[in-house]
Each structure stands twice: as C-alpha cells, then as structure tokens.
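Every read-out reported here was derived from the displayed coordinates using simple, explicitly stated rules and does not represent laboratory data. Note that the structure is predicted; figures quoted are calculated from it, not measured. All Cβ positions, even for glycine, are placed from backbone atoms using ideal geometry, and neighbour counts span all protein chains on display.
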Amino acid sequence: MEHNPENLQNKEQKEKKYGTLYIVSTPIGNDDDITIRALKVLKSVDIVVCEEPKVGARTLHKYNLSQKMELLNEQNEMIKTPQLVELLEKGKNLALICDGGTPVFADPGLLLVQTCLKKEIPIKVIPGVSSLMTALVRSGFPIDQFLYAGFLSRKKEERILQLRRLSTEKRTVVLLETPYRLVPLLEAAAQIMPDRRAYIGCNLTMPFETHHYGTFKELYNIFKNTKFKGEFVVCFDGSPIHEIEDDNLFEPKVEIAPPSKKIEKSKGKKRTSRSKDNKRFSGKPSFRKKDKSKNKRKK
C-alpha cells in the first residue's frame, strides 16, 4: 500500500499542532507501584484528568505534583469529552488517570479515546499495575487463555443468567465485584456451580491483602456472615474442571499477608514475631496431594 506524501505531511503537522493524550496507569493500593515513566509524564503534562476530585488530588499530592486537574466521570463524560478534545487540539498535553489501575479499563475514558482516534490526536499509553493480572497470576488457574467478564449485572435475574452462561465457559473466568454485591454473587454462583473451584483476591498489593480459595459453596459460607471491605477480584476455573495431578485442589482457607516493617514498627511489634505470621502466609494456593497407595493426604 502506497502512502501519499501529502497525507503524511498533514499528519506530521497535526501531531506537531495537537497535544498528546497520555493514558497513565496508577497504583491500585501500594504507592510504591508507580512507574518512573508515569511520574515523568504526570510532571510534564499541562492537565491531569481524573475520575474523582478527592482521589485525583490525593494522587498528585502523594507524588508532589501540582498540575491543574479536570474531571471526567460517568456523569459528565458526554459533556466533558468535547471540552478535553478542544484542549488537545489547542496543543495542551493531558494525562488521563483513574482512581487506581489503568484508565478506560472498567473506568470512564473510552469516548475520549475514540474521539481522539477519530481526530488523529496522538495517544500514548503508560502501562502499570493491574488488579486483573495480579489476581489471575495469584489464582493458580490456567491463564494462557481466560475470559474477562467485568462487573455482572446489579439485577438478580440478569446476574443469574450471566452466571449460567459463564458456567459453561471452558477458559478461566475473571470478574470484578464491589463489597456490597460480593455475597449475592457468591450465593448465585453457589447455586449454579457449587463445586466449581474459585479464588477471591481482596485489597491486592496492599500490606493487608487477603486471598481466599475454595469452591463457590465454601466461599459463600465464609463470606455470608463476615463483613469485608475493599475491592474484590473473583477468578474461577473453567468447565469441565481441568485435569491436573492435584485434583483435590483448594481447601477453603484465607491467606493474610504478613505486616510490613513500617506497620510493625508503628505498632511497636518486634520483628521476631513475624515468623508466626509467615506460618499463616505461604504465598501459594493450598494444593493438597493424595497418597494413592493409602488414599490419605501426605503430611
């Protein structure tokens, strides 16, 4: 395919005239997960576009940044997008961030990206930490192929229908869920696929992150009478259950990360006590092996 020199020249002129939209990933809980490249971009842009004013201001304050902020969320996306595009057309450089993780992924910003593509405004993505990949890698399920189903419906009937469809999926499935909708999700999943192996990651990357393994029935019994705070990522095995050597996988359990040095110091806790914490935190899914000769678990 031949390129028209005139079109290439016009494109170069546009790139020189227009500003650049940077899509910048930020930490999902641990401030140390910010990348050097992300900091450089945030310091260099004219405007930082954020989802919530308090969260955006807190993010800038953490890294000693003082850029001007603009808001872009579900409520104002239709009105705000043309205004932001106009700023880009005037040569302003914008950095789009969200409350945590990668913008546009389960967050506002898609319309802005689509408009910039249509107008040939330069876009650059600054990658970073992802709760999705963190949970998938930690889950112990196969992730050479997986299905991301996002947030399921708030409506009970639609949520049940979605879970029935997902129950026949052969790939590993990953969902996002809020604290107040997690138990209804687990209740429905326990009815549809009670013996399906699942993993729930909560407050990932934080010092107090927790990891929960078991069948949907077991996990529902754990969560239904307990209050949990934070953000949840739910992964479950495909159907039919993958044939693996350790087929007695996932004894229901909770794994809690040992406290950091900073937290222990603030509480006056001695480092020697950490050995007790490490007994609770193995850093691995709880696979159980069978002794085929005696039909007993190995110790």
Handout entry: Residues LEU42, LEU117 arranged by fewest to most Cβ contacts within 10 Å
Key = LEU117, LEU42
Handout entry: Environment charge of ALA135, counting only residues whose C-beta is closer than 11 Å and scoring Lys/Arg +1, Asp/Glu -1
Key = -1
Practice task
Give the order of SER44, SER25, SER239, SER66 when sorted by the count of other beta carbons within 10 angstrom, beginning with the fewest.
Solution key: SER66, SER44, SER239, SER25
Fill in the blank from the handout: The summed charge of the PRO27 Cβ neighbourhood (under 12 Å; Lys/Arg +1, Asp/Glu -1) stands at -2
Completion exercise
Applied in sequence order to the range 85-90, the curve 6.51 cos²θ - 1.76 cosθ + 1.60 (Karplus, θ = phi - 60°) yields integer Hz couplings, x standing for Gly and Pro, of 4, 4, 5, 5, 5, 8
Handout entry: Overall Cα dimensions of the range 112-199 - principal axes, largest extent first, Å
Key = 49, 30, 25
Completion exercise
Taking LYS92, LYS40 and counting other beta carbon atoms within 10 angstrom, the fewest-first order is LYS40, LYS92
Fill in the blank from the handout: Residue separation between THR115 and GLU169 times 0.36 nm, minus their alpha-carbon distance, gives in nm 16.0 nm
Practice task
Estimate the FRET efficiency between SER44 and GLU74 by the formula 1/(1 + (r/R0)^6), using the beta-carbon distance for r and 30 Å for R0, to the nearest 0.05.
Solution key: 0.60
